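Okay, so here's the structure we're looking at.
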Amino acid sequence: MLSKLKKIQSDAIERIKQARDTDTIEELRVNFLGRKSDLTEILRGLSKLAPAERPKIGQFSNQVKNFIEQAILERTQYLRQKETDSMLESDIFDVSLPALNYRPGHLHPTTRVKFALEDYFERMGYMIYETDNLTNDYDNFVAVNIPLDHPARGMWDTFWVKGELKGKGKLCLPPHTSCIQNRILRENKPPYKAVALGRCFRYEATDATHEHTFYQIEGVVVDKKLNVGHLKKALFDMVQFVVGRPLPIRLRPHYFPFVEPGFEVDVTCMKCEGKGCNICKGAGWIEMLGAGMIHQNVFVEAGYKRHEWTGFAYGPGYDRLAMTRYGITDIRHNFASRREFIEQF
Amino acid sequence: MQIPYSWLKDYLNETDLEKGQWTASKIGQRLTASFNEFEGVEKLAFEFPKIVVGQIKKIEHHPYADRLSIVLVDIGVKKSTIVCGASNLYVGMFVPVALPGAKLGTDGEFEIKVTEIRGVRSEGMICSAEELSLEDKSLGILDLGKGLKAGVKLDDAISFDDEIMALTITSNRADANNVIGVAKEISVGCNVRFNIPKFNIRENSPDKIDNLIKIQIKDASACRRYTSRIIQDVKIGESPLWLKRRLIMSGLRPVNNVVDITNYVLLEYGQPMHAFDYDLVIGHKIVVRRAKKGERIITLDDQKVVLDDEDLIIADEKRPLAIAGIIGGRESSIMPNTKTIVLESANFARDLINRTTKKHGIMTDSSIMFGKGIPMSKTQQALERATFLIQEICGGQVVRGVVDVRSKRILQKEISFDVQNLFDLIGIEIPKNSIKSILTKLDFVITSMVEDKITVKIPDYRIDIEYEEDIFEEIARIYGYDQVPDQIFSMPVTPARPELHRRYKNKIIRFYFDRGWSEVYSYNFTSAEDTASFGFDPAESFELENPVDQTQHLLRQSLLPGLVHKLKTWTTSGDITSIFEWGRVLNKKTKPTEHDSFATGFIDKNLDSKNSFLTVKSSFEGMLALGGLKISDFTASRVIDSLVDIDYLHPYNSLVITKGKKIIGTIGVMHPTLAEQYKLPPQTILSEFNLHQLIPHFNELFTFIEPSKFPSSLFDASFVVDYRTMALDLINCAHQVGGKNLKRIDIFDEYCGANLGENKKSISLRFEFQSHDRTLSDGEVEEKMHKIFDALKKEHAAILRDK
């Protein structure tokens, strides 16, 4: 009897080992462990054995049964894994193929900087305005302390448009976003802070560094007792945000009729960090914007009492900020807007 | 402006400069911080190969030519014989000598050789400044001055070994746009004493000026001051080299000694001057008056100018001599034979000069200076300086006395201020002794200083100083803005401006970007042709007075013409082009005249026009969804069925989206004729939206309706209709009669086939009915569907297809 059991065990082990798929294993289970199998026969016939042999045979039979069951389990697991593996390999596809229903879009670099600036100023609690493309003599000049025949008018080469707006003088394209200062001052009750973004135009020939159409962002902050130190800090923070690093800035005296004192603001050259290089032409500084403390005449023109309020204003060209940020050296790319340019952003 | 450093040094204390170890570039950097922008130091390099300094040893008449001389010149290594035609030679004179092999002319096209001139051997050429290309026209040989060594290279001898400082002077500081003004700023900024060179005029003529000339100002508001001197027996000729050198380095070309001197004084003092030939002033009377309408003058540069009665002129008894402050007339100008000159130094009203300059298009150094405004104190200072130089250089006798006709003296302005206001504006407390010292150095006179209150007299040449803030700037710029510490301001937080327009516009831009569109920028300027081609009336366009390009003189009414030009360039480098632009467009007739527009252009070379259109439409519908909208919230019809003329789109394969009478936008296949005109493929899709019309409809305040608990009934039906019918029209028609329980209608198939008959197509619709309070019976649904069938048949001749 024992030898018979041993034979069953070795046969079973041998055949389980040779099984190539889970179906065969199932057949073997029926053959070796099923109701009609020899092992089941033996277990069923235990009662007929002599009482002395019964425990020994019984124990051994159960051992063989467990052994076979274990072997079947292990082989099944092995074969399942193999089947899964081959199934996975059977439907491999190329995951590097282009995405479906997707084309990459591109934003103009100037728009990217516009969005970034708007986000920044919104977070700082500034109101945001947009300037018009068709403006007039009053808003651009008279309202910001540049009356008719003022010698400084030559500083702006203005595009004039045929026609006139009643009470506001000749029509023109705005040569600067300061065209909106009067409106911002009139619309709001101090204290307030606002920026205005928009297209500006200067009557000049276009070359690698000059463009007759460009973009400015005008900052206007009005409160009691604002001073040059506040202006410096506001500019430093903005520049740090745009270039991503805390680069020192400096104020140089300059003349703009709508501010007093007025400045041109230089930022430490991003490339050489002030040592002097070809980008900053050896100066270590790059001119970035004009700024200053709002002239009291501008307040008076907007209906404020002289010396009741103070304020500062600044106006960087944000297409130039974009050029600095992305390393664009020829400004003409902006309006040529060729595929090879736009698709890099 | 460009100024030779040596010239500035004439006005600065040399010991102080040395003590401070100041160099041109160090001074420049300081000026950038304290005054105006310094652009850099330049050296003017001239090279004169094979040209040496020669000294004239002997001058003999040429035996066979009256006008030529035979000159013996020491050129160091030897003495050469040179035949020369100039009349200003003298023995001992140092002159430039071009040796054989030297190349003259602007491009070196004229080579000097040993030649025979009228039978006499000539071994080179004695040169004028003109022949060396240093000036436009020379009257004689260039006199190199004294103390030179024969034989040295000309490069070394006339050394331009000076530095030129380039500065940008802002327009408010016209007073400083000259050598003395800049030197003054250096003196204050660098703490170097200002040094005023002294000069004396010898009034060595027996005549008195009042006996020689009468000067009358007829319009005192236009000419506030007119000063004049007369110098007799002057010799018009070449300027000395030092003067020429300074003019050349400042960017001017020498002419003759008198003109050069007036230019020199213009650069030095910033005061334009003019010189007349006394003998050509008819009646020896000068009148400053407005021109008579139609009066004419021929200017120094040979322009004939017809004057009007606003223009200010300098006239004699009979005729205009000069356009005041702008340019002189040819008839009274200084000629080589001029003997007696009348010098003019005057002050003309800047607005008037600006208007006349603009009107006649004559811009001169003088008109630019006057246009910026010149202080009255300079009038006589410059006159004296020029008189002195003329006497020194051109010889002659200075007539006794000065004519000085002026309107009333302008009182020196006084401004009082509180130093506390200064500290408040600049953001730093500046010590009072610094304030005092800075103001004094800048020629402000402190008339009182009581505690924090200071009163100062403004120097008369500082016409830019009007308010206390102007004085604060003066103090702060010298004290140094780098001293001002950064300060943080804080303000109460106020509610944000609603600003829905900009926010939604930005969302729309980002949405199209997400959908694979690329953004382009184009100019606001367009041509009448492009405007008209797209069906816009050029008469409704705003027009530039001064376009940069004469063909691009209109302001765009639509973004599409510009976008179509971009489409053309993009489509050459790719199969798919999907670009968009946003920006302002303008139309004289609309109200408001300006609005924000958003336009797209699409070409996919591998799609037909229908699928191209539907691709673009998907972006459009997605964009509407940003604002909680659907196309069905608007009226949408083909261009041909709409009440508006849209010439740039295909009349059928296009949608005009309107709300009431307002056009929201268009989307469609580019009109085939226009596409052909712009050489674009027939499946080009264009769309444009008026964001100022669209965005106000955006509304994300959705109202939630609890979903019905009762089942819905679906009903599918196919209709045969004319092939031009839009499914949307069937849906709109069905909704009108379908009752409130008709929840939605979907289009699930569109089919064209011969079996349907000619010009027919089939549209399959799925109708969904659902009630909020009960389950609908089949009978109810069928009853509604019959109503719908009838309406569709009546309105659109739609025939129900058998299933």
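Can you find a residue in region B:629-638 that is closer than 17 Å to B:Leu694 by Cβ, touching a Lys or Arg at 6+ places or on another chain (Cβ under 6 Å) and in the same structural domain as B:Leu649 (by TED's automatic domain parsing)? There is at least one residue in region B:629-638 that is closer than 17 Å to B:Leu694 by Cβ, touching a Lys or Arg at 6+ places or on another chain (Cβ under 6 Å) and in the same structural domain as B:Leu649 (by TED's automatic domain parsing). The single condition among (1) open to solvent by less than 40 Å² (accessible area, probe 1.4 Å); (2) touching a helix residue (DSSP H, G or I) at 6+ places or on another chain (Cβ under 6 Å) that B:Leu626 does not meet is (1). Against the conditions (1) open to solvent by 30 Å² or more (accessible area, probe 1.4 Å); (2) at pLDDT 90 or above, B:Val152 satisfies every one except (2).
Per the listing B:His565, B:His650, B:His553, the residue uniquely away from chain A (no Cβ under 13 Å) and under 44 Å from the mean Cα position of the chain (by Cα) is B:His650. For region B:378-403, the tally of residues that are more than 22 Å from B:Arg462 (Cα to Cα) and either in contact (Cβ under 8 Å) with a residue 12 or more places away in the chain or small (Gly, Ala, Ser) (or both) stands at 17. Give me the residue from region A:218-242 that is more than 10 Å from chain B (Cβ to nearest Cβ) and out of contact with any Ser or Thr (no Cβ under 7 Å at 6 or more places or on another chain) and, out of that set, surrounded by the fewest Cβ atoms within 10 Å (Cβ to Cβ). For region A:218-242, the residue satisfying everything is A:Gln240. Out of the residues in region A:159-178 that are touching a strand residue (DSSP E or B) at 6+ places or on another chain (Cβ under 8 Å), at negative phi and open to solvent by 10 Å² or more (accessible area, probe 1.4 Å), state the one that is farthest from the other protein chains (Cβ to nearest Cβ). Checked region A:159-178; the qualifying residue farthest from the other protein chains (Cβ to nearest Cβ) is A:Lys168. Of the candidates B:Ile231, B:Ile236, the single residue that is modelled with pLDDT of 95 or more, open to solvent by less than 30 Å² (accessible area, probe 1.4 Å) and not small (Gly, Ala, Ser) is B:Ile231. Taken together, the criteria exclude B:Gly601 from residues that are more than 27 Å from the chain's Cα centre (by Cα) and modelled with pLDDT under 95. One residue stands out among those in region A:179-196 that are at the interface with chain B (Cβ under 9 Å from one of its Cβ atoms) and in a strand (DSSP E or B): the one that is farthest from B:Lys505 (Cα to Cα), which is A:Tyr192.
Take A:Phe214 and tell me if it is of a type in the set (Phe, Trp, Tyr), buried (at least 23 other Cβ atoms within 10 Å of the Cβ), touching a residue at least 12 places away in the same chain (Cβ under 8 Å) and within 11 Å of another protein chain (Cβ to nearest Cβ). When the stated conditions are applied, A:Phe214 does not pass them. Checking region A:314-322 against the condition returns no match, with no residue being at positive phi and either touching a residue at least 24 places away in the same chain (Cβ under 8 Å) or more than 14 Å from chain B (Cβ to nearest Cβ) (or both). Considering every residue within region B:491-513, establish whether at least one is part of a loop (DSSP other than H, G, I, E, B), in contact with a helix residue (DSSP H, G or I) (Cβ under 7 Å, 6 or more places away or on another chain) and open to solvent by less than 50 Å² (accessible area, probe 1.4 Å). No; the residues of region B:491-513 include none that is part of a loop (DSSP other than H, G, I, E, B), in contact with a helix residue (DSSP H, G or I) (Cβ under 7 Å, 6 or more places away or on another chain) and open to solvent by less than 50 Å² (accessible area, probe 1.4 Å). Going by what's in this entry, would B:Lys198 be described as under 28 Å from B:Cys394 (Cα atoms), at pLDDT 95 or above and surrounded by fewer than 19 Cβ atoms within 10 Å (Cβ to Cβ)? Answer is no for this residue. Every listed requirement among (1) facing chain B (nearest Cβ under 9 Å); (2) surrounded by fewer than 21 Cβ atoms within 10 Å (Cβ to Cβ); (3) not hydroxyl-bearing (Ser, Thr, Tyr) is met by A:Arg332 save one, (1).
So which of B:Ser80, B:Ser25, B:Ser69, B:Ser87 ends up being touching a residue at least 12 places away in the same chain (Cβ under 8 Å), within 23 Å of A:Arg252 (Cβ to Cβ) and either open to solvent by less than 30 Å² (accessible area, probe 1.4 Å) or not assigned by TED's automatic domain parsing to the domain that holds B:Leu442 (or both)? Of B:Ser80, B:Ser25, B:Ser69, B:Ser87, the one residue that is touching a residue at least 12 places away in the same chain (Cβ under 8 Å), within 23 Å of A:Arg252 (Cβ to Cβ) and either open to solvent by less than 30 Å² (accessible area, probe 1.4 Å) or not assigned by TED's automatic domain parsing to the domain that holds B:Leu442 (or both) is B:Ser25. Select from region A:118-129 the residues that are at the interface with chain B (Cβ under 8 Å from one of its Cβ atoms) and either in contact with a His (Cβ under 8 Å, 6 or more places away or on another chain) or part of a helix (DSSP H, G or I) (or both) and write down the one among them that is least open to solvent (accessible area, probe 1.4 Å). Restricting to residues being at the interface with chain B (Cβ under 8 Å from one of its Cβ atoms) and either in contact with a His (Cβ under 8 Å, 6 or more places away or on another chain) or part of a helix (DSSP H, G or I) (or both), the top hit is A:Glu118.
Can you confirm whether B:Glu135 is among the charged types (D, E, K, R) and open to solvent by 60 Å² or more (accessible area, probe 1.4 Å)? No: the conditions fail for B:Glu135.
Residues in region A:292-311 include none that are open to solvent by 10 Å² or more (accessible area, probe 1.4 Å) and modelled with pLDDT under 90.
Of everything in region B:473-490 that's within 7 Å of chain A (Cβ to nearest Cβ) and surrounded by 17 or more Cβ atoms within 10 Å (Cβ to Cβ), which residue is nearest to A:Lys114 (Cα to Cα)? Out of the qualifying residues, it is B:Phe489. Selection of first residues in region B:566-589 that are in contact (Cβ under 8 Å) with a residue 40 or more places away in the chain and open to solvent by 20 Å² or more (accessible area, probe 1.4 Å) and of second residues that are of a type in the set (Phe, Trp, Tyr) and assigned to a strand (DSSP E or B), restricted to Cβ pairs under 6 Å at least 6 apart or on distinct chains, gives the following pairs, ordered by first then second residue: B:Trp582/B:Phe598.
Looking only at residues of region A:79-117 that are at the interface with another protein chain (Cβ under 10 Å from one of its Cβ atoms) and open to solvent by 100 Å² or more (accessible area, probe 1.4 Å), we find that the one that is nearest to A:Ser337 (Cα to Cα) is A:Tyr102.
Only one of the listed residues (B:Arg330, B:Arg289) is more than 19 Å from B:Val259 (Cβ to Cβ) and either over 31 Å from the mean Cα position of the chain (by Cα) or polar (S, T, N, Q) (or both). That residue is B:Arg289.
The values are calculated or read from the model by the stated rules, or taken from the named source; none is laboratory data. Being a predicted model, the structure only gives us computed values, none of them experimental. Don't worry about glycine lacking a Cβ; one is built from the backbone with ideal geometry, like all the others, and counts go over all protein chains shown. Note: areas computed on protein heavy atoms with side chains; ligands, DNA, RNA excluded. Shrake-Rupley method; radii C 1.70, N 1.55, O 1.52, S 1.80 Å.
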